[in-house]
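The values are calculated or read from the model by the stated rules, or taken from the named source; none is laboratory data. Quick caveat, the model's predicted, so the values are computed rather than measured. All Cβ positions, glycine included, derive from the backbone under ideal geometry; neighbour counts span all protein chains shown.
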Amino acid sequence: MLSKVGFKVSRKMDLDHTAFRKALQEFGREAEGADFAIIFFAGHGVEVENRNFLLPTDVSLSADSDVEFEAIPLDLVMNALSRVSGVRVVLLDACRDNPFIAAMRRSNATRSIGRGLAAIEPAAGTLVGYAAKEGTTAFDGAGRNSPYTAGLLAHLGEPGVDIQFVFRKVRDTVLAATGGKQEPFTYGSLPGREIFIAPPRGPTAVSPANNSSRDASLTEIELWTSIRGSKSSGALKDYLQLYPDGLFVPLARLQIQQLENADHQSDASQEDAPNELAKRIQRELGRVGCNPGNSDGIWGGRTREALRRFARHSGAEIDMAKPTTIALKILEGSTARVCPVVARPNSIQEPGHANGPNTRPRPTTEQKRAAATPSASRPARVCRAETHDECRVRARAARGSPGQRLLPRSNYNLRVTCLGRTCRSGVPKRPRALLKPARTGKRQPRSMLATAGAPILG
């Protein structure tokens, strides 16, 4: 990408300790007197005792004291730029977790090994960019490039953009791509003038081929600017189809993967949401006295019936078909009991107790037998064996006597024998229509009761 904007690029991959130092030495010679020089490193870096080191491929680091011998000090990288006469930039995508920290033996208990890289103060005219600010680590990313590298590829080549503004745009892009978990940072100062990595386009005449190529690049940049903050992966996939080799392909793929992961997590949370909402509604129903049973999150018939009782007694309109946040809010707004107390059958309610249990003790088998068996101190009463049929016969005989009448208010108290053991009192039905004899002018005494035979009750 830098070669497209006029830089001479030297690429070195998978360097061991010796090759790393040699590459820095050669770069320093070639960059001598240059107006602009950039060193970019992607790999692992560590901080020990507030000093930063870059790790070559052949490092082992069995102890913290080995860092100074096996790793490349960041100071050596800065020295490689010392002969550049213009702007010096170092970009480090190396703020990752130390892969050797678990196996490193510390020579001194007070010797510190930090996370990421430590802050630095470079010389004037030098700018150092970290993938993550001091003391924090950067993400590797799921694609070919990390979020920081993808952000650099997306913005470093923008023509006519000041370098300070470029790094602010890279920062915003990485923050958006990582959900605010990774924040790039820059250290150092530059001269008080505009500095462009890609110079602005001038009004110089160009050939039709170059003009069409430049228009295509502008179109790609404009398209990416319009979709880079999109929450839909469809627009990003359309960009990949239009520009399979475009400048923003790595960043587009990274954002697509993050959006798909976010959708998957959202679907999983939405599956659990109804059950959790149902549990909260069930707990609130129990609190207001509308017992829904167990708070198991199952939206069954008992829960719907409890919610229906609540709606009936509170006057609220609630959807019973499924758990809703509206129903939960209505329930949470009820501060007192809503559903009335329902007394159980055969229960004894004492004053001040709602729906209390039946506290009357049941008689035991011995108590039942004692009640049925006559005791010696209280002998069983002997009852007369007079039934209603006998009473009716005597009543008819009384009505048949001329000049006599049966008093209509007469009461017949009969005692009926029950299985020869106990007695109970009963009142027979009164005779239906008592025939009164014709008046003879002489009133009979009230106490006189003449019958054809013996008195009715002796």
Selection over segment 135-175 where residues are at negative phi and free of Cβ contacts under 8 Å to residues at least 60 places away in the same chain yields a count of 20
Under 27 Å from Gly141 (Cβ atoms), touching a helix residue (DSSP H, G or I) at 6+ places or on another chain (Cβ under 8 Å), at pLDDT below 90 and aliphatic (A, V, I, L, M), is that true of Leu61? yes
Filter segment 56-70 for residues that are touching a residue at least 40 places away in the same chain (Cβ under 8 Å) and of a type in the set (A, V, I, L, M); the one that is nearest to Arg29 (Cα to Cα) is Val59
For residues in segment 295-333 being within 16 Å of Glu276 (Cα to Cα) and among the polar types (S, T, N, Q), which is surrounded by the most Cβ atoms within 10 Å (Cβ to Cβ)? Thr303
Give the residues of segment 283-311 that are under 22 Å from the mean Cα position of the chain (by Cα), touching a residue at least 12 places away in the same chain (Cβ under 8 Å) and over 17 Å from Gly333 (Cβ atoms), sorted by residue number. Asn294, Ser295, Asp296, Gly297, Ile298, Trp299, Thr303
Out of Asp14, Asp93, Asp64, which single residue is among the charged types (D, E, K, R), within 30 Å of Phe248 (Cβ to Cβ) and buried (at least 20 other Cβ atoms within 10 Å of the Cβ)? Asp93
Being β-branched (Val, Ile, Thr), modelled with pLDDT of 85 or more and touching a strand residue (DSSP E or B) at 6+ places or on another chain (Cβ under 6 Å) narrows it down to one of Val89, Val161, so name that one. Val89
Report yes if Gly180 is assigned to a loop (DSSP other than H, G, I, E, B) and at pLDDT 85 or above, otherwise no. yes
